[in-house]
Amino acid sequence: MTMTNEESIAEIWKLFREERERANEEHERAKEERERAREERERAKEERERAREERKRANEEHEQERKRANEEHEQERKRAKEERKRANEKYEQERKEASAELDRRFRETDQEIKNIGKKIRSLAGSFDYQWGKLIEKLVKSGVVKLFQYRGIDIKFVTERMKRTKGGGTMEIDLLLLNTTEIVAIEVKSTLKVSDVDNFLEDLVEFKDFFPEYKGYHLYGGVVGLEITEGSDRYAYKQGLFVLGVQGKKMAEMRNDLKFKPKDFSQELHEVNLA
């Protein structure tokens, strides 16, 4: 069948309209796609913006938290420093107070010790002096006969002869003498070896302090209410008379009849008085 020109034109126009409609539809679809793409981009942009804001807030919160932590740490450090300072000051103050108290107690104790020492020395000195005086009285009452029995004819008895020379001092508790002989006696409540040694030194220097007896024979003797350390045997070996105080006899000679006293005069004579 053959189409007429009018039919052809109508068919072409129809095709043109359909094609234009398809083009419009395609354009609309493309437009919608572009719009969707634009919206997607906007949403993505908004998401990025939100993410950026989130990161910013997170960073700000982190920075604030860090600052708060640093501030708290600094405050804690300052508090700890102040606590240490107060503790050190308190310790130093307590140490100074304790040291001052200890010094005070030491001073008080030292003073008490000194006072006790003075009292002890005073009591000891008083005791020794009183015992010495007592022993001297006891010895004096019978000592003359003891020496007369040993061949020394005592005529005079003198107590506590004391001399000073060149800054030195010598005191003889009992001095027994006649016209040619002297017996110097040291009296002790407790006789020790050191007492004997000290007395021997005095006998060596006796005539320097008592030059008026330079021509006399000089003998020595020791007396002890209590005799310790074997001082009686030691004195015997040094040539000294040894006397004790016992019972009603008052004074007794501890030397046997074989004893030879040492003459401490310059001539250093030894005599047999047995």
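Every number here is computed from the coordinates shown, using simple stated rules; none is lab data. Keep in mind the model is a prediction, meaning the values are calculated, not measured. Here Cβ is always computed from backbone atoms with ideal geometry, including for glycine, and neighbour counts include all displayed protein chains.
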Length gained, LYS145-GLN75, 0.36 nm per residue minus C-alpha separation, equals 15.0 nm
Checking the a/c ratio against 1.5 first, then a/b against b/c, what shape does the Cα gyration tensor give for segment 136-253? oblate
Can you compute the modelled spin-label distance between MET161 and GLN111, with each label point 7 Å from Cα toward Cβ, in nm? 4.7
Can you pick out the pairs among LYS188/LYS260; LYS192/LYS214; LYS90/LYS114; LYS207/LYS260 whose Cα atoms lie more than 31 Å from each other? LYS90/LYS114
